[in-house]
Amino acid sequence: MAVLGKFSLAVLLLSLLVLCAGLALATTDPELKQCKDQCKHQRQYDEDQKRECLDRCEKYYKEKEEQERKGEGRREEGRGTGRRDEKMQELYERPCEWCRMRYEKEHHGREEEKEGRKENPYVFEERHFTSKARSEHGRLDVLQKFTEESGVLRGIENYRVAVVEAAPQTFVSPTHWDSHAVLFVASGRGTITGIQEEKRRSFNIEEGDVMRVSAGTTVYVINRDEDERLFIVAFLRPVNIPGETEAFRAPGSQDHESFYSAFSWELLEAALKTDRRKLERILNQNQEIFTKASKEQIQGMSQREEGGGIWPFRGESSGPYNLLHQRPVQSNNHGQLYEVDRRYYEQQLEDLDISVSFANITRGSMIGPYYNSRATKVAVVVDGEGYFEMACPHVGRESQTGSTYQKISSRLRRGTVFVVPAGHPVASVASRNSNLQVLCFEVNARGNTRYPLAGKNNIVNKMEREAKELAFGVREREVDQVFGSQSGQWFFPGPRERQWEGRADA
């Protein structure tokens with residue numbers, strides 16, 4: 001027994017020596033040292049961020065060692081990858097840019113495999129929306145995070161899309177959001193009221209109206225039409241947690257408590273100078289978010305103002321801005337493109353760096369191909385059907401000849417959301433049966449330029465003769481026969497040889 005005890009002690013000491021040697025090696029590992037050096041020299045980090053960065057370096061190295069030791073066998077057997085992915089997910093977060101870059105480089109194949117499981121990471125359908133409130137009188141749906149199923153849209157992970165639909169003569173309960181919002185009235189007519197800085201202002205709204213609502217503004221809406229549903233698209237930029245948006249309701253309902261209910265009755269009695277019985281009667285009414293209103297109530301709320309007439313409480317713009325009442329920036333028989341003018345953008349949207357445009361593509365016609373220089377386009381189909389095609393280098397596969405471009409395409413219908421990153425050539429085609437109407441929110445809009453790839457002003461037509469011949473390897477005349485044949489601009493007749501339905505392969 002004594003011999004066995006000495007043997008165990010020797011094994012323990014040997015293990016400790018090996019562990020210490022391993023730790024010493026880790027501290028001198030070139031990659032770990034490089035990571036820590038980068039943390040220490042990040043001028044934008046404060047001391048806490050530098051310590052957190054150093055800690056992430058250690059975690060990265062330990063996780064890497066564990067994967068090298070155990071990962072291969074588990075991957076072959078299909079076990080254990082979920083837990084490791086959870087551990088490594090934090091490395092995408094700052095501070096530790098070096099960790100993120102190394103992880104992406106070393107796990108590029110796994111990320112591509114993960115993204116491949118989503119058939120098209122740029123397109124979102126009805127199933128990607130979550131219902132926050134729904135009844136016979138209306139609905140509030142919010143689109144999932146753009147990065148939920150794929151990392152290719154990390155550039156817009158702090159933006160969300162929501163839709164509000166209210167039945168005729170329906171009141172939408174007062175709510176404030178921890179997000180800035182840009183609203184677009186896709187159809188219908190109503191009245192929207194906002195309370196900000198102790199002032200209440202109301203404006204009638206109709207199809208084509210654009211308005212900006214600052215975070216924290218209490219807003220309520222009424223559909224004043226007797227027949228048509230009111231449909232509003234909201235583009236949200238959260239101000240608290242990136243990509244997370246929350247609605248705060250003053251009145252409560254069966255499914256959504258009032259935020260007042262989070263406070264104690266004693267505190268509310270003191271703050272509102274009202275006894276508990278009266279408070280309970282008001283706060284426990286369980287009013288639904290969408291409530292039917294009487295004609296008298298609708299009339300009382302229609303364009304009723306208090307304290308002036310500026311919406312939405314910043315700049316000098318009086319009332320909502322109707323996009324469809326403006327002169328289109330591009331127009332011909334095959335479509336029209338509308339966008340907010342520079343004055344409205346500078347007054348209302350410049351600090352958000354978001355622009356709004358609307359394309360009405362005539363049935364059987366197309367817009368593009370073109371690309372944005374720096375803006376990422378989040379497009380919402382508000383009416384009609386069709387399809388789009390986009391050239392993308394991110395989901396393609398590298399070959400011996402270099403990078404390849406993947407054709408991203410999808411059928412478009414009312415409610416479809418699709419994203420076009422900056423620099424990605426794209427074209428949209430309307431079906432032969434209906435116009436295709438697309439609402440576009442463009443992120444990073446400041447200084448953006450649309451570059452046409454077809455039409456008389458396309459980029460190839462602007463090149464010198466020598467540049468054309470050197471770039472394409474043929475005489476200028478042959479290049480011009482291809483790129484100089486189309487005399488139109490932006491909107492063109494669509495493909496006629498094939499049925500458009502067959503062009504929506506992913």
Gly216 small (Gly, Ala, Ser), open to solvent by less than 20 Å² (accessible area, probe 1.4 Å) and either farther than 13 Å from Ala162 by Cβ or out of contact with any helix residue (DSSP H, G or I) (no Cβ under 8 Å at 6 or more places or on another chain) (or both): no
Residue selected from the range 245-264 under the condition assigned to a loop (DSSP other than H, G, I, E, B), closer than 18 Å to Thr218 by Cβ and touching a strand residue (DSSP E or B) at 6+ places or on another chain (Cβ under 9 Å), by the criterion most open to solvent (accessible area, probe 1.4 Å): Glu257
Matching residues in the range 375-425 - criterion: being part of a loop (DSSP other than H, G, I, E, B), modelled with pLDDT under 95, open to solvent by 30 Å² or more (accessible area, probe 1.4 Å) and more than 23 Å from Val443 (Cβ to Cβ): Arg397, Glu398, Gln400, Thr401, Ser403, Thr404
Tally of residues being open to solvent by 40 Å² or more (accessible area, probe 1.4 Å) and more than 15 Å from Val356 (Cα to Cα) across the range 173-213: 10
Hey, Val438 under 22 Å from Leu236 (Cα atoms), without any contact (Cβ under 8 Å) to a residue 60 or more places away in the chain and part of a strand (DSSP E or B) or not: no
Any hit, the range 125-139, residues being aromatic (Phe, Trp, Tyr) and open to solvent by less than 20 Å² (accessible area, probe 1.4 Å): no
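The values are calculated or read from the model by the stated rules, or taken from the named source; none is laboratory data. Computed from a prediction, not measured in an experiment: that's the story for all the values here. Note that we place each Cβ from the backbone using ideal geometry, even for glycine, and neighbour counts take in every protein chain shown. What goes into the accessible areas is simple: the full protein's heavy atoms, side chains included, and nothing from ligands, DNA or RNA. Shrake-Rupley method; radii C 1.70, N 1.55, O 1.52, S 1.80 Å.
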